[in-house]
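Reviewing the structure listed below.
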There are 2 protein chains.
Amino acid sequence: MRATVIHGPGDIRSESVPDPQIIKPTDAIISVAATCVCGSDLWSYRRVNPVKEPTPIGHEYVGVVTDIGSEVGSIEPGHFVIGSFYASDNSCPHCRHGYQSACVHREFVGGCQAEMVRVPLADGTLVPTPGQPGPDLLPSLLTLSDVMGTGWYAAVAAGVRPGCTVAVVGDGAVGLCGIIAARELGADRIIAMSRHEPRQRLAREYGATDVIIERGDDGVDRVMDLTGGVGADSVLECVGTAEAMSQALGSARPGGTVGFVGVPHEVEISGEALFRSQVGLRGGPAPVRRFLPDLIDRVWDGRIDPGGVFDLTLPLDQAAEAYRAMDERRAVKVLLRP
Amino acid sequence: MRATVIHGPGDIRSESVPDPQIIKPTDAIISVAATCVCGSDLWSYRRVNPVKEPTPIGHEYVGVVTDIGSEVGSIEPGHFVIGSFYASDNSCPHCRHGYQSACVHREFVGGCQAEMVRVPLADGTLVPTPGQPGPDLLPSLLTLSDVMGTGWYAAVAAGVRPGCTVAVVGDGAVGLCGIIAARELGADRIIAMSRHEPRQRLAREYGATDVIIERGDDGVDRVMDLTGGVGADSVLECVGTAEAMSQALGSARPGGTVGFVGVPHEVEISGEALFRSQVGLRGGPAPVRRFLPDLIDRVWDGRIDPGGVFDLTLPLDQAAEAYRAMDERRAVKVLLRP
């Protein structure tokens, strides 16, 4: 089959590799209907994360089950399914607590920018859609595999409630999905931080009531201006840099909460500053599995349309161009069609 | 009047100073019935916090109102009152949100180890008891001014709920009050971390179901042993050191929460480690005022008895000995009687 392999920083290749096989009796094989490039894939592409050897890349997928292991019970060949980038048994204490991203049997589902993918712990990981989706639903369903689930978690972790004021740091796909989540969870006011016109437009379409272009301390000042000096109840940190975290913490009111889902890179938080700010903090890799059934319903019923984050679609074998487009910020997020 | 003044590290003196006067029309003057030494007072005593000039010390107080400013409406001379170490107007947006410790008019109430104290923003700050308390209630009422309110906040910030498992880092007065709070909020299991026999006994009396003596990584391992490898739902960090924070974060389950109320000293939190742990974090100076009415009721009705944290009572003019006793860990907390 065809798969995308990263050989080093800036070196993405579409290669022919062996088809994945059932290895464990709890595995399933999926024929990928759509996959995409994640902001976190760019960490390797940009040399922030090391690439030690050629590695199949991608962790977002939707598709049709083609084969299952002997112990798989609830998933069947022919099912159209979505799963998280973390496979989970959905039955351990952490899973039952809603933190499937900390499953004791957790496995990263890698190499998904490919025609087929092996998903471990299929029963726990995969959620079938109510039927075979039409092509128009594919993009939105694909976002549930990561960015929409992650944006949703950012909003949940930040304690978004009906009537509250939310600020969203980061105008990438996760931040944009976070805006959808904040709206769905009933936020009254959603302040998006974005200086890119097409992203600003999408942010407003998704529910942002205010868009500010300032960053850093100026960004914090603007949020304070907009909230009468109080600060936001909930802040979604969807970037992962020290500047973004500082901006997020500074934008929250005392007693407010920052939900952070951008994988932190060299982010140090001063305990004393956090203490003084009285801001709560919760983050981590999103337990996407927790939200999948609900989010599938919302997409299926047309209540949310997160697929709009894809502003470029390419054939799978043009993955290298997909990475370039995202790296150069010519695209928010690129969908790849096998 | 007589007041306690810190002149430098280890140098506590009982001195004669002018009586406090009404300065602003929102002030009240209180004749102090009882005051005490806080673990945080020891930061100055131990040279961790600088002492630039002789400074009246102490921030915990209960007593009878003797004078009020012209704009004070709800507090009257003769009322027996309790207030937080932070004066607050109880009406600004932060106060109304329950974060009186972030009041926009916040003032620290200092110099309370004295016969009299001036309390700013009396209407917002002071809460009268249902009547004049007998001497047996004084110690417990005094704890509400800080340590019991702070322990309560630690439990609230850590999300303690009925049926949950709690770990408490720190066996000082705040940690012990945190155990009371965890019990009152319905925790099933309360793991106290203490290696001092008298504090262990008090911890059990207050509701600890398990006491562990290990610290650091060994302490984390013991919590994991006791919770079947899962970790605690809620962890109360009542110390403020890097070791205590690390132990607290390590003891919480993914999705669990650390409430931290020990004033952090040189505590740096790695954003990446916090992300990986999936543990939430909320702390700060406790909004004691939020909890005062409820906690006064609990003490008045005999449901809680936090006054047990005082294991030494001295006359006010022996404040120097009170500090020595706490510094040398001969006493958990010393009550001073003017």
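Within the stretch B:110-138, the set of residues being part of a loop (DSSP other than H, G, I, E, B) and under 17 Å from the mean Cα position of the chain (by Cα) comprises B:Gly110, B:Gly111, B:Cys112, B:Gln113, B:Leu126. Closer than 20 Å to A:Val211 by Cα, of a type in the set (Lys, Arg) and without any contact (Cβ under 8 Å) to a residue 40 or more places away in the chain: is that true of A:Arg222 in this structure? Considered against the rule, which asks whether it is closer than 20 Å to A:Val211 by Cα, of a type in the set (Lys, Arg) and without any contact (Cβ under 8 Å) to a residue 40 or more places away in the chain, A:Arg222 comes out as yes. For the stretch A:278-294, filtered to residues that are of a type in the set (Gly, Ala, Ser) and in a strand (DSSP E or B), the residue that is farthest from the other protein chains (Cβ to nearest Cβ) is A:Gly283. Applying a threshold of 7 Å to beta carbon distances and a minimum spacing of six or more residues, or different chains, the list of pairs starting in the stretch B:87-103 at a residue that is facing chain A (nearest Cβ under 7 Å) and within 16 Å of B:Ser145 (Cα to Cα) and ending at one that is crowded, with 24+ Cβ neighbours inside 10 Å and of a type in the set (A, V, I, L, M, F, W, C) reads B:Ser101/B:Ala286. Of the residues making up the stretch A:255-296, those that are over 15 Å from the mean Cα position of the chain (by Cα) and in contact (Cβ under 8 Å) with a residue 12 or more places away in the chain number 18. Restricted to the stretch B:244-272, and to residues that are farther than 13 Å from A:Gly271 by Cβ and at the interface with another protein chain (Cβ under 8 Å from one of its Cβ atoms), which residue is surrounded by the fewest Cβ atoms within 10 Å (Cβ to Cβ)? This residue is B:Glu272. Any residue that is of a type in the set (A, V, I, L, M), surrounded by 15 or more Cβ atoms within 10 Å (Cβ to Cβ), assigned to a loop (DSSP other than H, G, I, E, B) and at pLDDT below 95 - is there at least one of those in the stretch A:34-55? Yes, that holds for at least one residue. Apart from one condition, A:Phe275 fits all of (1) of a type in the set (Phe, Trp, Tyr); (2) closer than 17 Å to A:Met148 by Cβ; (3) facing chain B (nearest Cβ under 10 Å); the exception is (2). Applying the condition of being small (Gly, Ala, Ser) and more than 10 Å from chain B (Cβ to nearest Cβ) to the stretch A:208-243 and asking which residue is nearest to B:Ser101 (Cα to Cα) yields A:Ala232.
The lone criterion from (1) in contact (Cβ under 8 Å) with a residue 24 or more places away in the chain; (2) in contact with a Ser or Thr (Cβ under 7 Å, 6 or more places away or on another chain); (3) closer than 29 Å to A:Val48 by Cβ left unmet by A:Gly231 is number (3). Could you go through the stretch B:139-153 and let me know if any residue there is buried (at least 19 other Cβ atoms within 10 Å of the Cβ) and over 15 Å from the mean Cα position of the chain (by Cα). No; the residues of the stretch B:139-153 include none that is buried (at least 19 other Cβ atoms within 10 Å of the Cβ) and over 15 Å from the mean Cα position of the chain (by Cα). Is it fair to say B:Cys38 is out of contact with any helix residue (DSSP H, G or I) (no Cβ under 6 Å at 6 or more places or on another chain) and within 14 Å of another protein chain (Cβ to nearest Cβ)? Criteria not met by B:Cys38.
For the stretch B:76-99, the criterion of being polar (S, T, N, Q), within 27 Å of B:Lys333 (Cβ to Cβ) and not in a loop (DSSP other than H, G, I, E, B) is satisfied by no residue at all.
The values are calculated or read from the model by the stated rules, or taken from the named source; none is laboratory data. As the structure is a prediction and not an experimental result, all values here were calculated from the model. Glycine also receives a Cβ, built like all others from the backbone with ideal geometry; neighbour counts cover every protein chain displayed.
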